[in-house]
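Q: I have a structure I would like to understand better, so I am pasting it below and will then ask my questions one at a time.
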Amino acid sequence: EHGMLDHRYSLSEELLRVPFVIWGSEKLYPVTPGRSDFPAMNIDVFPTILSAADEKPVGEQVAIDLLGTGVVAGEKRVRFAEFPNDFEIPRDVRTVAPDGWSGKSFARRLISVVADDFKLVVSESPSEALRLYNLATDPECDLDLYSLQSSIALDLEALCELYASRESYDPVERGGRSELEQDRLGAIGYGE
């Protein structure tokens with residue numbers, strides 16, 4: 001999609017809009033059957049799993065329990081996604097890439113923000129322009145509206161800057177991943 005090789009170097013809708021399916025044992029963890037188009041984020045997984053186990057997260061949460069009352073029909077939500085600049089091009093990608101392709105153009109941090117129907121993608125690479133899309137009229141993000149909707153783009157860019165300035169989670173600082181975890185992540189195409 002969008003001229004990208006492999007599936008991990010962009011914040012395109014094809015990569016971000018994936019189904020989140022919850023199944024629970026009827027006796028131990030009953031989950032009411034249903035479907036929602038509410039836009040979830042990865043941070044919502046933890047409180048949702050805790051809710052399915054009839055537990056509550058400790059402390060203040062910005063995440064939403066997708067099984068609970070946190071989801072209001074028709075509610076709009078600002079959503080962020082990030083592709084961090086902390087990876088190495090995997091061997092399987094390098095072997096199928098064209099001669100001379102290094103992947104250096106993908107070694108950049110990307111942040112996207114979606115508010116209402118607009119999505120802004122910001123890159124830390126100065127050679128990569130900011131891109132703005134209207135997801136309601138262009139869900140495949142083919143038409144960049146950045147120059148046509150500059151006031152919307154500036155508002156979303158400010159949100160991205162605020163997001164980028166927050167304290168990042170670094171697994172190495174928090175005890176790191178075990179060798180087994182790293183091997184499992186590597187086996188499915190993730191990890192370092």
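Q: Looking at the stretch 158-171, can you tell me whether even one residue there is more than 21 Å from the chain's Cα centre (by Cα) and either modelled with pLDDT under 90 or open to solvent by 40 Å² or more (accessible area, probe 1.4 Å) (or both)?
A: Looking for residues that are more than 21 Å from the chain's Cα centre (by Cα) and either modelled with pLDDT under 90 or open to solvent by 40 Å² or more (accessible area, probe 1.4 Å) (or both), one finds none in the stretch 158-171, hence no.
Q: Out of the residues in the stretch 125-156 meeting the condition of being open to solvent by 40 Å² or more (accessible area, probe 1.4 Å) and within 17 Å of the chain's Cα centre (by Cα), tell me which one is farthest from Asn85 (Cα to Cα).
A: Per the criteria, the residue is Pro139.
Q: Can you run down the residue pairs with Cβ atoms below 6 Å, 6 or more apart or on separate chains, where the first is in the stretch 143-161 and of a type in the set (Phe, Trp, Tyr) and the partner is modelled with pLDDT of 95 or more?
A: Once the first residue is of a type in the set (Phe, Trp, Tyr) and sits in the stretch 143-161, its partners that are modelled with pLDDT of 95 or more give Tyr146/Leu132.
Q: Among Phe20, Phe80, which is within 16 Å of the chain's Cα centre (by Cα), aromatic (Phe, Trp, Tyr), in a loop (DSSP other than H, G, I, E, B) and at pLDDT 80 or above?
A: Answer to the check: Phe20.
Q: Related question: Of the conditions (1) farther than 24 Å from Phe38 by Cα; (2) in a helix (DSSP H, G or I), Leu159 satisfies every one except a single condition; which number is it?
A: For Leu159, the exception is condition (1).
Q: With the structure loaded, tell me whether Ser51 is hydroxyl-bearing (Ser, Thr, Tyr) and assigned to a loop (DSSP other than H, G, I, E, B) or whether it fails that test.
A: Against the criterion (hydroxyl-bearing (Ser, Thr, Tyr) and assigned to a loop (DSSP other than H, G, I, E, B)), Ser51 does not qualify.
Q: What is the one condition in (1) at pLDDT 90 or above; (2) in a helix (DSSP H, G or I); (3) among the aliphatic types (A, V, I, L, M) that Val93 does not satisfy?
A: (1)
Q: Still on this structure, I have one more. Could you list, in sequence order, the residues of the stretch 128-156 that are on the phi < 0 side of the Ramachandran plot, in contact with a Phe, Trp or Tyr (Cβ under 6 Å, 6 or more places away or on another chain) and part of a loop (DSSP other than H, G, I, E, B)?
A: Leu130 - this is the single residue of the stretch 128-156 that is on the phi < 0 side of the Ramachandran plot, in contact with a Phe, Trp or Tyr (Cβ under 6 Å, 6 or more places away or on another chain) and part of a loop (DSSP other than H, G, I, E, B).
Q: Something else now. Checking Val122 against (1) at pLDDT below 70; (2) crowded, with 18+ Cβ neighbours inside 10 Å, which test does it fail?
A: Only one criterion in (1) at pLDDT below 70; (2) crowded, with 18+ Cβ neighbours inside 10 Å is unmet by Val122, namely (1).
The values are calculated or read from the model by the stated rules, or taken from the named source; none is laboratory data. Bear in mind the structure is a predicted one, so any value in this text is a computation, not a measurement. Note that we place each Cβ from the backbone using ideal geometry, even for glycine, and neighbour counts take in every protein chain shown. The accessibility values were calculated without ligands, DNA or RNA, using every heavy atom of the protein model including side chains. Shrake-Rupley method; radii C 1.70, N 1.55, O 1.52, S 1.80 Å.
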